[in-house]
Amino acid sequence: MEELMQFLKENPIFYFATVEGYMPRVRPFGFAMEYNGKLYFAIGKHRNTYKQLLDNTNIEVCTANGDGQWIRIRGTVDFDNSAEAKQKAFETMPQLKEIYNEETGKALALIYMDRISAKLFSSDGTEKQLYQQGI
């Protein structure tokens, strides 16, 4: 998990893929944290992403660095509505408080990967299992 989180921190824009009906949907994300040994992401409950995850919990996340390496994270997600997890998210990225609050009327959803496989790939064809849990 440490190596996976380090790669995400060093490459803070990653691509988050969900399914809508039978069509893939991909968008850039910029928030990830480790909490209680799990990989978490933050999503606005008003977003289509959130609605897609309510229908289908399968996701893939991908990001790359400038050295020809990329990670692919596959799995399913679960939702965490606990005050403790939200507090940790606000500590990790204080800017979230400016977006998700009573004044804006936007609600924060936290999801974590409960089945996860994360692999590191290189342009030379090598691949390395970085992390696996629940599979």
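The values are calculated or read from the model by the stated rules, or taken from the named source; none is laboratory data. Source: prediction; values computed, not measured. Neighbour counts are summed over all protein chains in view; Cβ atoms, including those assigned to glycine, are modelled from backbone coordinates with ideal geometry. Just the protein is used for accessible areas: all its heavy atoms, side chains included, with ligands, DNA and RNA removed. Shrake-Rupley method; radii C 1.70, N 1.55, O 1.52, S 1.80 Å.
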**GNM result for the chain, Cα springs below 10 Å: residue of Pro28, Pro94, Pro12 fluctuating most strongly** = Pro94
**Prompt:** How much net charge surrounds Lys38 when only the other residues with a Cβ under 10 Å from the Cβ of Lys38 are counted, with Lys and Arg +1 and Asp and Glu -1?
**Reply:** -4
**Asked** In nanometres, what is the gap between the two model label sites at Ser123 and Glu34, each 7 Å from Cα along Cα-to-Cβ?
**Response** 2.9
**Gain in span if fully extended, Met23 to Ile135, counting 0.36 nm per residue against the direct Cα distance** = 37.9 nm
**Asked** Where in the range 15-36 does the amide nitrogen come within less than 16 Å of the point 7 Å from the Cα of Leu54, taken along Cα to Cβ?
**Response** 19-21
**Message:** Under 5 Å between amide hydrogens, which residues at least 5 positions from Ala107 or on another chain qualify, with H placed 1.01 Å from N in the peptide plane?
**Reply:** Lys45, His46
**Message:** Need the full-extension length gain, Ile13 to Asn81, defined as separation in residues times 0.36 nm minus the C-alpha distance. One decimal, nm.
**Reply:** 22.0 nm
**Message:** Can you give me the accessible area per residue for the range 23-116, using a 1.4 Å probe, in Å²?
**Reply:** 55
**Item:** Cβ-based net charge around Val61, under 12 Å, with every Lys or Arg adding one and every Asp or Glu removing one
**Value:** +3
**Request:** Enumerate lysine pairs in the chain that are 8 or more residues apart or on different chains, then count those whose Cα atoms are under 25 Å apart.
**Result:** 28
**Asked** Rounded to the nearest 10 Å², what accessible area does Met93 show when all protein chains are kept and the probe is 1.4 Å?
**Response** 50
**Message:** Between 0 and 90 degrees, rounded to the nearest ten: what's the tilt of helix 83-92 against the longest Cα principal axis of the chain?
**Reply:** 60
**Item:** Net charge of neighbours whose Cβ lies under 15 Å from the Cβ of Glu3, counting Lys and Arg as +1 and Asp and Glu as -1
**Value:** -1
**Item:** Solvent-accessible surface ranking, highest first, for Ser117, Ser123 at 1.4 angstrom
**Value:** Ser123, Ser117
